[in-house]
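Structure first, then comments.
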Amino acid sequence: LRISQDQDARIGHKSADSSFFGYKTHIAMTEERIITAAIVTTGEKSDGKQLQTLIEKSKAAGVKVNTVIGDMAYSERYNLAYSKENDIELVSKLNPQITHGVRKKEEEFEFNKDAGMYVCKAGHMAIRKARQGKKGIGENQSDTYFFDVEKCKRCPIKEGCYKDGAKKKTYSVTIKSSEHIEQMAFQESVYFKEKAKERYKIEAKNSELKHRHGYDIATSSGLSGMQIQGAMAIFAVNLKRILNMAD
């Protein structure tokens, strides 16, 4: 969602070559295509970190959650642990760049699933990455992401992140695929693959919100204004769906 001259809006990325300035709306939806929870965030926020709140909001609305279907962004390690603790099957394919291994400064660097790159807390995306270590030995391998050091030099929040005079700025992620053996086995099952096919429903709902209800353009500035717009748009699409189901 895009809007100019907005103090709350932030830069987000849909791919390595495209970005937007605005907000994200993260939604949860039943198989009957009723939206049960929504979170409006600034554009740079990671999708994966909204999963648990979306599930808890859905439960509070009276939904019994047994299975959750989502893309790779939701397969972060802490989501896998949360799902297991709550007897929820998480149909989200593992992405080793997100889930494998221990990484430092986890809260300062977010993985953007669409671009396949990490983004720093200032909103700058890595410009390239390199695999280090011996192939086939997961514990000794890591992915190193390289940032544009010229942007780091001018960054207003570089303290504690970029050291003046440094010729490069990198962020490394250790790969430890053995820690996700259960999910790796699950995602190879027939059940997982059949359920994963239903993810198109959420994309169709996103399209309906954007193209039929004008949700691709923010009508006012500020996060609170976006939340109000989101509530109205979601109420409208839910009401339409309920009436269609009643016919």
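Taking every protein chain into account, the 1.4 Å probe leaves Arg33 with about 70 Å² of accessible area, to the nearest ten.
Solvent-accessible surface of protein heavy atoms, probed at 1.4 angstrom with all chains present, puts Met29, Met72 in the order Met72, Met29, largest first. The residues of the chain present an accessible area of 57 Å² per residue when probed at 1.4 Å with all protein chains retained. Using a probe of 1.4 Å, the accessible surface attributed to Asp164 totals some 110 Å² when neighbouring protein chains are kept in position. Using a probe radius of 1.4 angstrom, the carbon and sulfur fraction of the accessible surface of the chain is 52%.
Between Glu89, Glu44, Glu108, where does the largest GNM mean-square fluctuation fall for the chain, given springs only between Cα atoms within less than 10 Å? Top of the fluctuation ranking is Glu108.
Here the chain carries DSSP beta bridges of which approximately 90% are antiparallel, counting only pairs with both residues inside. The distance between label points at Asp114 and Arg33 comes to 2.3 nm (points 7 Å beyond Cα on the Cα→Cβ vector). Grab segment 143-233 and count how many Lys pairs have their alpha-carbon atoms under 18 Å apart, sequence gap of 8 or more, or different chains. Value for segment 143-233: 15.
Within the listed set Ile234, Ile88, Ile27, the Gaussian network model of the chain (springs between alpha-carbon atoms below 10 Å) gives the highest mean-square fluctuation for Ile88. Recomputing mean projected area of the Cα convex hull in nm² from the coordinates shown identifies the correct label among (1) 16.5; (2) 15.2; (3) 13.4 as (2).
Under the criterion of Cα pairs below 8 Å and six or more residues apart, the relative contact order for the chain equals 20 percent. Computed with a 1.4 Å probe on the full set of protein chains, the accessible area for His124 sits at about 60 Å².
Taking the Cα centre of the chain as the origin, how large is its charge dipole in debye, to the nearest 20, when only Lys and Arg (+1) and Asp and Glu (-1) carry charge on their Cβ atoms?
740 debye
Which one, Tyr23, His124, Met245, is farthest towards the positive end of the dipole of the chain when Lys and Arg carry +1 and Asp and Glu -1 on their Cβ? The Cα lying farthest towards the positive end belongs to His124.
Each of Ser207, Met226, Thr170 was placed along the dipole of the chain (beta-carbon charges, centred on the mean Cα), and the one lying farthest toward the positive end is Thr170.
The values are calculated or read from the model by the stated rules, or taken from the named source; none is laboratory data. Keep in mind it's a predicted model, so treat the numbers as computed, not measured. Because the Cβ atoms are built from the backbone with ideal geometry, glycine has one as well, and the counts that use them run over all protein chains shown. Protein only, heavy atoms only, side chains kept; ligands, DNA and RNA dropped before computing areas. Shrake-Rupley method; radii C 1.70, N 1.55, O 1.52, S 1.80 Å.
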